[in-house]
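Inspection log for the structure reproduced underneath, given as structure tokens.
Computed from the coordinates by the stated procedures, all read-outs in this text should not be read as laboratory data. Since the model is a prediction, treat every value here as computed from it, not as a measurement. Every residue, glycine among them, receives a Cβ derived from its backbone with ideal geometry; neighbour counts consider all protein chains shown.
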Amino acid sequence: MDPYYKFMIQLVKAALDEDIGRGDLTSFGALEPGPAHARIVAKCDGVLSGVEPALLVFETVDSANTVVFTKKDGERFVRGDIIAEIDGFNQTLLSSERAALNFLGHLSGVATKTAAFVEKVRGTSVRILDTRKTLPGWRHLEKRAVVHGGGMNHRAGLYDMVLIKDNHIASAGSVTQAVGAVRDFMQTPDFRLQFEARAEEILIEVEVENDKQLREAIAAGVDRLLLDNQSTESLKQLVATARGLNPSIQLEASGNIALDNVAETARTGVDFISVGAITHSAPVADFSMKFLD
């Protein structure tokens with residue numbers, strides 16, 4: 001099963017167990033069961049994400065609920081837009097409401113924040129990347145929301161890409177030793193058995209802090225350099241050196257990237273900018289569900 005769907009199903013189940021528990025005391029106590037029509041309406045502007053988990057919430061609570069979204073994931077909406085039309089039963093629609101809106105709100109918030117960064121670098125070839133700074137259990141959904149916002153996914157986890165960072169370099173002794181050890185491991189049967197991949201399919205990226213490490217990493221033949229926590233001037237110098245040594249090497253900038261400096265970072269000549277804020281600091285998009293007479 002695709003990890004996205006695996007974690008989506010788990011999260012929807014957990015959300016409903018957490019919210020409904022033994023049952024919706026208020027709705028079942030106050031209302032006689034009956035048919036109802038409702039709408040989900042946007043209370044802000046943004047980019048939509050979270051349609052699939054929201055649908056799954058309504059369908060899990062009551063398979064008789066019919067939800068038709070008027071917009072798709074990745075589409076923009078403005079305050080007052082109707083996002084979905086819902087037909088079902090009053091009690092179970094109310095039991096579904098909060099969990100469904102929580103998925104829509106958080107994931108649309110991630111997509112909207114991502115879209116703001118993407119807009120800032122429009123006109124360049126730079127791609128906005130996410131990071132592993134995600135809510136535990138939510139990573140695959142948040143990364144899907146990043147794509148809905150026009151961004152691009154970095155590695156999914158520790159298992160699908162090599163990223164040698166400062167602590168790896170310090171422990172291994174040098175960039176050269178760390179890269180060499182990784183390459184040696186990826187030629188072993190243990191690697192092929194555990195990771196079910198071929199060495200040539202795995203991207204190797206190295207975080208470099210200075211000119212010496214940059215030259216060492218390029219000499220080692222890595223695929224991408226992570227230029228982390230650099231000033232604009234330092235970043236320009238490292239980019240120029242890297243392009244002079246290997247014009248085709250991929251360059252990624254990261255660290256202290258915000259909306260007010262991402263365009264300046266893009267102009268340094270990097271290929272990617274990774275931004276933790278698009279997942280760990282995305283405001284929630286506001287939606288409401290209203291019953292209609």
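Each residue of segment 213-223 in order: what ³J(HN,Hα) in whole Hz does its phi give by Karplus 6.51 cos²θ - 1.76 cosθ + 1.60, θ = phi - 60°, with x for Gly and Pro?
With coefficients 6.51, -1.76 and 1.60, one gets 5, 4, 5, 5, 5, 5, 4, 7, x, 6, 8 Hz.
Which percentage, to the nearest 5, of the DSSP beta bridges contained in the chain is antiparallel?
Roughly 50 percent of the DSSP beta bridges within the chain come out antiparallel.
What number, in nm² with one decimal, is the all-direction average of the projected area of the convex hull of the alpha-carbon atoms of the chain?
Projected over every direction and averaged, the Cα hull of the chain covers 17.8 nm².
Please compute, over every Cα-Cα pair in segment 16-77, the percentage with a separation greater than 15 angstrom.
Values: 1215 of 1891 pairs.
Of all Cα-Cα distances in segment 16-77, 64 percent exceed 15 Å.
What whole-number distance in Å separates the alpha-carbon centres of segment 225-269 and segment 41-118?
37 Å
Go through segment 1-31 and name the trypsin sites (Lys or Arg not before Pro) that are in a DSSP coil and have 15 or fewer other Cβ atoms within 10 Å of their Cβ.
Here the sparse-neighbourhood loop sites are ARG22.
Would you please name the trypsin sites (Lys or Arg not before Pro) within segment 135-218 that are DSSP coil residues with at most 10 other C-beta atoms within 10 Å of their C-beta? Walk me through the numbers before you get to the answer.
Working: sites: ARG139, LYS143, ARG144, ARG155, LYS165, ARG183, ARG192, ARG198, LYS212, ARG215; in loops: ARG155, LYS165, ARG198.
Here the sparse-neighbourhood loop sites are ARG198.
Please name which of VAL222, ALA145, SER234 has its Cα lying farthest along the dipole of segment 121-280 towards the positive end, using unit charges on Cβ (Lys, Arg +1; Asp, Glu -1) and the Cα centre as origin.
Positive-most Cα among the choices belongs to ALA145.
About its Cα centre, how strong a charge dipole does segment 121-280 have in debye, to the nearest 20, once Lys and Arg get +1 and Asp and Glu get -1 at the Cβ?
On the way: 18 positive and 21 negative charges, 67 e Å.
Approximately 320 debye in magnitude.
With a 10 Å cut-off between alpha carbons and a GNM built on the chain, which of LEU141, LEU203, LEU225 moves the most?
Largest GNM mean-square fluctuation: LEU203.
Using each residue's phi in segment 196-201, evaluate 6.51 cos²θ - 1.76 cosθ + 1.60 at θ = phi - 60° and report the 3J(HN,Hα) Karplus result to the nearest Hz, with x for Gly and Pro.
Each residue's phi maps through the Karplus curve to give 6, 8, 9, 4, 6, 8 Hz.
Enter the angle in degrees (range 0 to 90, nearest 10) between the Cα long axis of helix 51-61 and the first principal axis of the Cα atoms of the chain, meaning the one along which they spread out most.
Taking Cα atoms only, the helix is inclined about 40 degrees.
Given H placed on each backbone N at 1.01 Å, which residues far from PHE89 in sequence or on other chains put an amide H within less than 5 Å of it?
ALA36
If eta is 1.567 mPa s and T is 4 °C, what Stokes-Einstein diffusion coefficient results for segment 188-293, Kirkwood Rh from Cα pairs, in µm²/s?
Numbers: Rh = 16.3 Å.
The Stokes-Einstein estimate is 80 µm²/s.
Cα-based count: Lys pairs in segment 121-280 below 18 Å, eight or more positions apart or different chains?
Close lysine pairs found across segment 121-280: 4.
Tell me which residues come under 5 Å, amide H to amide H, from LYS43 once H is placed; ignore anything under 5 positions away on its chain.
Under 5 Å from the amide H of LYS43 lie the amide H atoms of GLY80, ASP286, PHE287, SER288, each far enough along the sequence or on another chain.
Explain nothing, just compute: Karplus ³J(HN,Hα) = 6.51 cos²θ - 1.76 cosθ + 1.60, θ = phi - 60°, for every residue of segment 69-86 in order, whole Hz, x for Gly and Pro.
Those phi angles translate into 7, 8, 10, 9, 3, x, 8, 7, 9, 10, 3, x, 5, 7, 9, 7, 10, 10 Hz.
Rounded if a/c is under 1.5, else prolate if a/b beats b/c, else oblate: with a ≥ b ≥ c from the C-alpha gyration tensor eigenvalues square-rooted, which is segment 116-209?
prolate
With angles folded into 0 to 90 degrees, how steeply does helix 232-245 sit against the dominant principal axis of the chain? Use alpha carbons for both and round to 10.
The two axes meet at around 60 degrees.
How much of the pair distance distribution for segment 121-280 lies past 27 Å, counting alpha-carbon pairs only, in percent?
25 percent
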